[in-house]
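Before I ask anything, let me first share the structure, which is written out below as structure tokens.
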Amino acid sequence: SFELTQPLSVSVALGQTARFTCGGSNIGSKNVHWYQQKPGQAPVLVIYRDYNRPSGIPDRFSGSKSGNTATLIISRAQVEDEGDYYCQVWDSFTEVFGGGTKLTVL
Amino acid sequence: EVQLVQSGGGLVQPGRSLRLSCTASGFTFGDYAMSWVRQAPGKGLEWVGFIRSKDYDGATQYAASVKGRFTISRDDFKSIAYLQMNSLKTEDTAVYYCSRVRTRVSFYMDVWGKGATVTVSS
């Protein structure tokens, strides 16, 4: 089965840029989506189809993809950005999630 | 306002059954696929399964971990999606989220319910 690899944690200083990676075999041929989940809350879609931002998501959030790695970037990180971030792809008629990355804003 | 309201969680003994409901409002429910995702305590997100719209005959797909035990269905007249869980195991303990699925080009979930807690324990 298809697997997505994410680092367990990322730390960033307040106001700096946070980068989250999501790796997977042949991920370049798939659309990658990103979700933010704050403690005790449901996930929220922050990026869809690699780099598109849903309405209501700040433009500080952006996405990119290169080779076998997709990247979520949060510019000017804020305390309210803390939480877990999951990447997701559609593969073989199933939805596959990465293990998630916990963001800490210092 | 587009929203999904969930109900039906609770404590259940191993081997028993439970049904979760997800009531949609603010959009044409019948036009969308619906998905269920769960999250065990302290763990990440795990896709459970989904049901497509009537345009695709309401086809369903399930994760291997629940196939044969869980069934997803929908009532487009009532705008409700269901997750019927049979033969529950302790490892099914999780918060279960329903979500609306966008299926153009790729499948992703753009609206989520708040979740329903299912605890399987004797």
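The values are calculated or read from the model by the stated rules, or taken from the named source; none is laboratory data. Since the model is a prediction, treat every value here as computed from it, not as a measurement. Backbone-built Cβ (ideal geometry, glycine too); neighbour counts: all protein chains shown. With ligands, DNA and RNA removed, areas are computed over all heavy atoms of the protein, side chains included. Shrake-Rupley method; radii C 1.70, N 1.55, O 1.52, S 1.80 Å.
Sort out for me the Cα centre separation of the stretch B:1-50 from the stretch A:1-74, rounded to whole Å.
23
Tell me which lysines have Cα within less than 27 Å of B:Lys54's Cα, excluding those fewer than 8 residues away on the same chain?
Correct list for B:Lys54: A:Lys30, B:Lys67, B:Lys78, B:Lys114.
Considering only DSSP beta bridges where both residues belong to chain B, give the percentage that are antiparallel (nearest 5). Before the final figure, lay out each step's value.
On the way: 40 of 43 bridges.
Once the DSSP bridges in chain B are tallied, antiparallel ones form about 95 percent.
How high is the relative contact order of chain A? Use alpha-carbon pairs under 8 Å, at least six apart in sequence, and give a whole percent.
Working: 259 pairs, mean separation 39.9, N = 106.
Averaging sequence separation for qualifying contacts and normalising by length gives 38 percent for chain A.
Average partner chain C-beta neighbours within 10 Å, per residue of A:26-37?
Across the residues of A:26-37, the mean count of other-chain Cβ atoms within 10 Å is 2.
Taking 30 Å as R0, compute the FRET efficiency from the Cβ-Cβ separation of B:Lys114 and A:Thr69 and round it to 0.05. Let's see the in-between values first.
Working: r = 32 Å, r/R0 = 1.08.
Efficiency, from the Cβ-Cβ distance: 0.40.
Solvent-accessible area per residue for the stretch B:1-97 at a 1.4 Å probe radius, Å²?
49
Run the numbers on the stretch A:58-103: which residues show a drop of 20 Å² or more in accessible area, chain on its own versus all protein chains together, using a 1.4 Å probe over heavy atoms?
A:Tyr86, A:Trp90, A:Phe93, A:Thr94, A:Glu95, A:Phe97
Starting from the Kirkwood Rh over alpha-carbon pairs, what translational D in µm² s⁻¹ does the stretch B:7-122 have by Stokes-Einstein at 20 °C and 1.002 mPa s? Write down the numbers at each step before the final one.
Numbers: Rh = 14.2 Å.
Answer from the Stokes-Einstein relation: 151 µm²/s.
Checking an interface number: how much accessible area is buried between A and B, summed over both chains, with a 1.4 Å probe, in Å² rounded to 100?
Heavy-atom accessible area buried at this interface is about 1700 Å².
Further, regarding this structure: What size of dipole, in debye to the nearest 20, comes out for the stretch B:8-109 about its Cα centre when the only charges are +1 on Lys and Arg C-beta atoms and -1 on Asp and Glu C-beta atoms?
120
Please list B:Lys43, A:Lys102, A:Lys30 from largest to smallest accessible area, probe radius 1.4 Å, with all protein chains kept in place.
In descending accessible area the options line up as B:Lys43, A:Lys102, A:Lys30.
Separate question: Just to verify a number: FRET efficiency for B:Lys54 and A:Arg76, C-beta to C-beta distance, R0 = 35 Å, to 0.05?
0.20
Considering only protein heavy atoms and a 1.4 Å probe, what is the carbon-and-sulfur percentage of the accessible area of chain A?
So the carbon and sulfur contribution to the accessible surface is 46 percent.
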